[in-house]
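I have placed the structure first, in the form of structure tokens, so that the comments after it can refer back to it.
The values are calculated or read from the model by the stated rules, or taken from the named source; none is laboratory data. Quick caveat: nothing in here was measured; it's all calculated off a predicted structure. Here Cβ is always computed from backbone atoms with ideal geometry, including for glycine, and neighbour counts include all displayed protein chains. Surface areas here come from the heavy atoms of the whole protein model, side chains and all, with no ligands, DNA or RNA. Shrake-Rupley method; radii C 1.70, N 1.55, O 1.52, S 1.80 Å.
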Amino acid sequence: MKIVLKSPLDMHLHLRDADMLKNVAKYSSSCFAGAIIMPNLVPPITTIDDVKAYKNRIKEATKGDIFEPYMTLFFKDSYDYDFLKEAKNFVKAIKLYPTGITTNSEGGVSNFDIDNLRGTLEAMSELEIPLSVHGETDGFILEREQEFGKFYEKLAKAFPKLKIIMEHISDRHSVELLKEYENLYATITLHHLLITLDDVIGGSLKPHLFCKPIAKRYEDREALQEIALSGYKKIMFGSDSAPHLKEKKESFEGAAGIFSTPILIPALCELFDKNGKLENLQRFISDNAKEIYDIEPLEKEIIVEKNEFLVPKICDGVVPMLAGEKLLWRCQGESQ
Ligand code: DOR
Ligand code: ZN
């Protein structure tokens with residue numbers, strides 16, 4: 001059995017920079033037609049020159065593949081209308097991180113008063129630049145996303161014309177919010193569809209499944225699966241694939257981030273197939289994103305066949321999700 005995916009898109013991706021970028025970019029550019037590129041480099045991407053230069057480095061690293069990097073800026077409450085007007089020509093979204101909440105987010109927002117953010121957000125709303133958000137408070141780890149929900153509601157009400165993307169939702173309460181507010185949209189990762197906290201710490205500690213937001217309860221995973229498998233229009237696939245070297249994950253202070261790129265398409269096919277929902281995968285992995293972001297992706301067809309795929313144990317120094325395990329689907333051209 002085979003299926004064809006048209007122009008798959010990864011609407012939340014960390015490609016890093018320098019050697020890591022050179023090593024990991026091919027895993028995305030070989031099987032996706034484009035991706036929204038996260039700006040949390042050190043230092044973060046905050047100027048138009050940064051955006052242009054980083055885009056060039058990504059283009060260089062993905063040379064030869066049909067792949068469009070859709071760039072983003074790191075949100076600052078000091079961005080003004082004129083800056084944003086110019087930035088709109090180069091970015092597809094602006095990513096807001098609460099300060100210190102995850103990898104390389106120092107320099108994010110610390111004052112969540114709506115009035116403090118109003119200038120930048122009103123300008124974004126007027127210019128139709130989507131706001132992408134890492135939605136977690138600094139509260140108890142399992143409740144961080146739910147607590148952040150109050151802020152999502154405030155934002156959605158204060159800026160009804162602003163497209164707000166709740167990134168990598170991991171909590172069933174976020175699914176409810178999404179249905180309630182017209183201007184809220186969301187990405188869902190592969191890992192939040194597959195694992196719960198039990199997989200991370202329920203048996204032995206699995207550093208390669210440690211990420212922010214942390215995987216949650218079974219009922220959360222169920223709610224995420226239900227909405228993703230249904231092809232619901234306001235949900236897009238965004239992997240949040242976030243490579244860190246093996247030594248940085250298996251260490252005294254393990255870095256947050258799951259490197260899922262090498263398995264994304266086979267694992268999504270397996271999940272949608274197992275649930276009898278393969279017909280909705282095209283919407284989840286491309287069509288919904290096209291509408292939400294109003295983009296016309298590069299034309300690319302990926303053929304995926306129902307045939308065993310042994311996940312490599314390591315990819316250029318980074319341990320991928322499900323390393324060493326077998327998947328039931330594989331992209332055509334993939335070895336084994
Ligand atoms: O686990 C994560 N890793 N979550 C994020 O939000 C950032 C990412 C990273 O950049 O490593
Ligand atoms: Zn991310």
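What nm value, rounded to one decimal, do you get for the distance between residue 219 and residue 19 when each label is placed 7 Å out toward the C-beta?
4.7 nm
Take residue 80, project a point 7 Å from its Cα along the Cβ direction, then tell me which residues of the stretch 107-125 have their backbone nitrogen under 12 Å from it.
From the stretch 107-125, the list is 120.
Shape verdict for the stretch 59-154, please, from the Cα gyration tensor: rounded (a/c under 1.5), prolate (a/b greater than b/c) or oblate.
oblate
Which pairs in the list 76/212; 76/157; 55/234; 95/274; 150/277; 216/306 are over 23 Å apart, alpha-carbon to alpha-carbon?
Those over the limit are 55/234; 95/274; 150/277; 216/306.
For the stretch 2-331, which whole percent of the accessible surface, found with a 1.4 angstrom probe, sits on carbon and sulfur atoms?
49 percent
Given a 1.4 Å probe, how much area per residue of the chain is accessible, in Å²?
Ligands and nucleic acids excluded, the result is 43 Å² per residue.
What is the stretch 173-231's relative contact order, in percent, from Cα pairs under 8 angstrom and six or more apart in sequence?
Relative contact order here is 38 percent.
Let me make sure I get this right: for the stretch 132-272, a, b and c are the square roots of the gyration tensor eigenvalues over alpha carbons, sorted descending. Under 1.5 in a/c it's rounded, otherwise prolate if a/b > b/c, else oblate. Which is it?
On the way: a/c = 1.86, a/b = 1.45, b/c = 1.28.
Here the stretch 132-272 falls in the prolate category.
First check a/c for the stretch 1-117, with a ≥ b ≥ c the square roots of the eigenvalues of its C-alpha gyration tensor; if it is under 1.5, answer rounded, and if not, answer prolate when a/b is larger than b/c or oblate otherwise.
It is prolate, given that a/c is not under 1.5 and a/b is the larger ratio.
What is the stretch 179-336's relative contact order, in percent, from Cα pairs under 8 angstrom and six or more apart in sequence?
Relative CO of the stretch 179-336 lands at 24 percent.
Taking H placed 1.01 Å from N in the peptide plane, check which residues at least 5 places from residue 132 or on another chain put their amide H under 5 Å from its amide H.
Here the answer is 94, 95, 96, 165, since their amide H atoms fall under 5 Å of that of residue 132.
Sum -39500 (n - 2.57) across every DSSP H segment of at least 4 residues in the chain, then divide by the residue count to get the 222 nm mean residue ellipticity, nearest 500.
-9500 deg cm²/dmol
Can you tell me the orientation of helix 18-29 relative to the chain, as the angle in degrees between its alpha-carbon axis and the longest Cα principal axis, to the nearest 10?
It is inclined by approximately 70 degrees.
Two decimals is fine: what is log10 I(q)/I(0) at q = 0.07, 0.08 Å⁻¹ for the chain, from a Debye sum with one equal scatterer on every Cα and no solvent?
The computed values of log10 I(q)/I(0) come out as -0.25, -0.33.
Are there chymotrypsin sites (Phe, Trp or Tyr not before Pro) in the stretch 63-143 that DSSP puts in a loop and that have at most 12 other Cβ atoms within 10 Å, and which ones? Don't skip to the end; give the middle numbers.
Numbers: sites: 67, 70, 74, 75, 79, 81, 83, 90, 112, 140; in loops: 67, 75, 79, 90, 112, 140.
Here the chymotrypsin sites (Phe, Trp or Tyr not before Pro) that fit, given the DSSP loop and packing criteria, are 140.
Would you tally the net charge around residue 310, using a Cβ to Cβ cut-off of less than 11 Å, leaving residue 310 out, and scoring K and R as +1, D and E as -1? Kindly include the intermediate steps, with their values, before the conclusion.
Working: positive: 313, 326, 330; negative: 308, 325, 334.
Here the charged neighbours net out to 0.
Would you kindly find the accessible area of residue 42, with a 1.4 Å probe and non-protein molecules such as ligands, DNA and RNA excluded, rounding to the nearest 10 Å²?
Counting only protein heavy atoms, residue 42 exposes about 120 Å² to solvent.
Stretched out fully, how many nm does the piece from residue 6 to residue 48 gain, at 0.36 nm a residue minus the Cα gap?
Details: separation 42, 0.36 × 42 = 15.12 nm, distance 3.09 nm.
Result: 12.0 nm gained on full extension.
Using a Förster distance of 41 angstrom, determine the FRET efficiency expected from the C-beta separation of residue 106 and residue 226, and round it to 0.05.
0.70
How far is it, in nm, from the label point at residue 114 to the one at residue 176 when both lie 7 Å from their Cα along the line to the Cβ?
Going by the 7 Å Cα→Cβ label model, 2.1 nm.
Work out from phi, with θ = phi - 60° and the Karplus expression 6.51 cos²θ - 1.76 cosθ + 1.60, the ³J(HN,Hα) of each residue of the stretch 53-60, listed in order in whole Hz, and give x for Gly and Pro.
Once θ is set to phi - 60°, the couplings for the stretch 53-60 become 5, 5, 4, 4, 5, 5, 4, 4 Hz.
Using only the alpha carbons of the stretch 263-336, determine the length spanned along each of the three principal axes and report them from longest to shortest in whole angstroms.
Taking max minus min along each principal axis of the Cα atoms, the stretch 263-336 gives 37, 30, 20 Å.
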